[in-house]
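Below is one structure; the comments refer to it alone.
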Amino acid sequence: MAAAEVKQASVPCVRTGVRIRRVRGALLVAPADSDSAVELADSAMFLFRAFDGKRTITDIAGMLAEEYQISLELAVEDTMSFVADLLDEGVLELGGGAP
Amino acid sequence: MTPGRYGFCQQVLSARELLPRGVTAIAVVGSVARGWDTPASDLDLIVVSDSPFTHPGTRAQDVPLTPRTLPTMAFSHEGHRWEVKYWLDDQIDQVLAKVTWTAFGNELKAGDRLAELERILLERLLTCIPVTGEEWIKRRRDEIESSAFRSSMLVEALAKADNRIRAALGQLDAGDSQSAVVTARDAFGWAVMALMLDQGEYGSLGKWRVRQYRAVATSLLPFDEYWSYETMRNYDPADPGSWVRGIADLCKRVSMEVEI
C-alpha cells in the first residue's frame, strides 16, 4: 500500500520507538507498542543498517548494488520494495526527500 | 597481581577469628582486584563457606535467598578499611539458578531479576583475585560465563536505553529540551553499558565506568567520542536537539551491533 509513496529521492528513516535487537546474527525489528517483530538477515539487514535518515533510496540502492554485485536498476527496485514493506509494518517513515 | 601477593589476607582474617568453618574460597574483589585502587580504596573480600558465619561484629544485609542474610564485616587493618562479605556456597548455587538459560526465557515474561548484591557477586567472581580456592573460583567463573547472566543484563540495558531515548525525543518534541538532554544522558549511560557487556565487561553506571569503558572501547564508539558525550563537550546549548538526536542515533547503532 505504501509502495506509491516511495520515490528514489525519498529518505527512509527508522521511526522513533522502534526496538532493534541483534539475535543469532540477524536483526529483530519491532514497531513501537507491538510485540511482533520482523526478522531481517543478509541483504535486508544490510539495507536496514543504511537507513540513517540522510541517505536517499538511490544512495542506498547504490550501496546494495556494490555490496551484492547486482545492477543498479535491480537494486533500486529491491530497495523501494523493501522500504514499502517496512513502511507498512510501521518500522520506517519517509523524511527529507519529497515522497 | 598474583594470588600470592594477597596470601596475607587469609592470615589477617584467621588471626582476627573472622573465618567461618569450612572455607571454600577467599578472594580479593572490587577495585583492588582490577588494579584500579587508590590509596583511599577499601580492600574488599569475599569469603565462601559451607557453614554460616556468625560474629557479633557483622552487619546483616538482606538477600532474596535462603538464608536471607549476607553477613558483612568491616574493620581497619594497618590504616586500610577492609570489608568482607560472607557467602554460603549454597547461596551462590541459588544465584546461578536465576541466570540459567531457562530462567532467562521465563524472565522475559516474569520480570524476575537479580538483586543488586547478587549481580555484584557474579561480576566480582569474574574479576576477582583468588586467595584460596582457586579451582572453586575457576569452576564458578565457567558457570557464570556459560550462563545467561550477560544476555540478561544486556537485554535490560538495551531496554532501558530504548525507553530513555524514546522519552527524550518525546520531551524534545514537546519543547522541553532541558529534560530531553538529561534523559538522553541516561540513555547514553545504558547504551554504553550494553557496549561494555558486548565486550565482556560487566560495567556499571558507577565510579569505575570510565576505566571500564576505556578497557573495551570499540570502533562503534571510540573512547574520544565516548568522552565527548560523557563530558558533554560536544553539546551546543543553542542546539540541544542535535545532541539528543546524536545519542538516539548511537543507541540505534548499539542495538544493531550488540548480540544478545
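The values are calculated or read from the model by the stated rules, or taken from the named source; none is laboratory data. Source: prediction; values computed, not measured. Neighbour counts run over all protein chains shown; Cβ positions are idealised from the backbone, glycine included.
For the reader, a short list of remarks on this structure follows.
- Matching residues in the stretch B:222-260 - criterion: being aliphatic (A, V, I, L, M) and more than 11 Å from every other protein chain (Cβ to nearest Cβ): B:Met232, B:Ala238, B:Val244, B:Ile247, B:Leu250
- Residues that are at pLDDT 95 or above and crowded, with 17+ Cβ neighbours inside 10 Å within the stretch B:211-234 comprise B:Leu221, B:Tyr226, B:Tyr229, listed in sequence order.
This table checks each residue for (1) surrounded by fewer than 17 Cβ atoms within 10 Å (Cβ to Cβ); (2) modelled with pLDDT under 95.
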residue: A:Thr16; (1), (2): yes, yes
residue: A:Ser34; (1), (2): yes, yes
residue: A:Ile57; (1), (2): no, no
residue: A:Leu64; (1), (2): no, no
residue: A:Tyr68; (1), (2): yes, no
residue: A:Leu72; (1), (2): yes, no
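- Taken over the stretch A:7-45, the criterion of being closer than 19 Å to B:Ile165 by Cα and part of a strand (DSSP E or B) is satisfied by A:Cys13, A:Val14, A:Arg19, A:Ile20, A:Arg21, A:Arg22, A:Leu28, A:Val29, A:Ala30.
- Selection status of A:Pro31, in contact with a Phe, Trp or Tyr (Cβ under 9 Å, 6 or more places away or on another chain) and closer than 28 Å to B:Val244 by Cα: no
- Residue in the stretch B:148-159 that is under 21 Å from B:Arg245 (Cβ atoms), surrounded by fewer than 22 Cβ atoms within 10 Å (Cβ to Cβ) and within 14 Å of chain A (Cβ to nearest Cβ) present: yes
- Qualifying residue in the stretch B:173-185 (condition: closer than 19 Å to A:Val18 by Cα, modelled with pLDDT under 95, within 14 Å of chain A (Cβ to nearest Cβ) and buried (at least 19 other Cβ atoms within 10 Å of the Cβ)): no
- Within the stretch A:51-79, the residues that satisfy the criterion of being assigned to a helix (DSSP H, G or I) and polar (S, T, N, Q) are A:Thr58, A:Thr79.
- Check on B:Asp50, surrounded by fewer than 17 Cβ atoms within 10 Å (Cβ to Cβ) and charged (D, E, K, R): yes
- Test: residue in the stretch B:247-257 that is surrounded by fewer than 16 Cβ atoms within 10 Å (Cβ to Cβ) and over 19 Å from A:Gly17 (Cα atoms): no
- Within the option set A:Phe48, A:Phe82, being under 23 Å from B:Gly246 (Cβ atoms) and either assigned to a helix (DSSP H, G or I) or among the small types (Gly, Ala, Ser) (or both) holds for one residue only, A:Phe48.
- Filtering the stretch A:21-56 to residues that are within 9 Å of another protein chain (Cβ to nearest Cβ) and more than 17 Å from B:Lys252 (Cβ to Cβ) leaves A:Arg24, A:Gly25.
- Considering only residues in the stretch B:234-260 that are closer than 24 Å to A:Lys54 by Cα and not in a helix (DSSP H, G or I), the one that is nearest to the chain's Cα centre (by Cα) turns out to be B:Val258.
- Against the test of being without any contact (Cβ under 8 Å) to a residue 12 or more places away in the chain, hydrophobic (A, V, I, L, M, F, W, C), in contact with a helix residue (DSSP H, G or I) (Cβ under 8 Å, 6 or more places away or on another chain) and over 25 Å from A:Arg15 (Cα atoms), the options B:Phe223, B:Phe149 yield a single qualifying residue, B:Phe223.
- Some residue of the stretch A:6-13 being within 14 Å of chain B (Cβ to nearest Cβ) and surrounded by 14 or more Cβ atoms within 10 Å (Cβ to Cβ): yes
- Residues that are polar (S, T, N, Q) and closer than 23 Å to B:Arg140 by Cβ within the stretch B:30-43 comprise just one, B:Ser31.
- Checklist (1) touching a residue at least 24 places away in the same chain (Cβ under 8 Å); (2) closer than 20 Å to B:Leu18 by Cα; (3) surrounded by fewer than 16 Cβ atoms within 10 Å (Cβ to Cβ) applied to B:Trp82, failing item: (3)
- Tally of residues being more than 22 Å from B:Glu143 (Cβ to Cβ), small (Gly, Ala, Ser) and assigned to a strand (DSSP E or B) across the stretch B:44-102: 3
- For B:Leu43, the conditions (1) buried (at least 17 other Cβ atoms within 10 Å of the Cβ); (2) under 25 Å from B:Ser152 (Cβ atoms); (3) free of Cβ contacts under 8 Å to residues at least 60 places away in the same chain; (4) in contact with a helix residue (DSSP H, G or I) (Cβ under 8 Å, 6 or more places away or on another chain) are fulfilled apart from (2).
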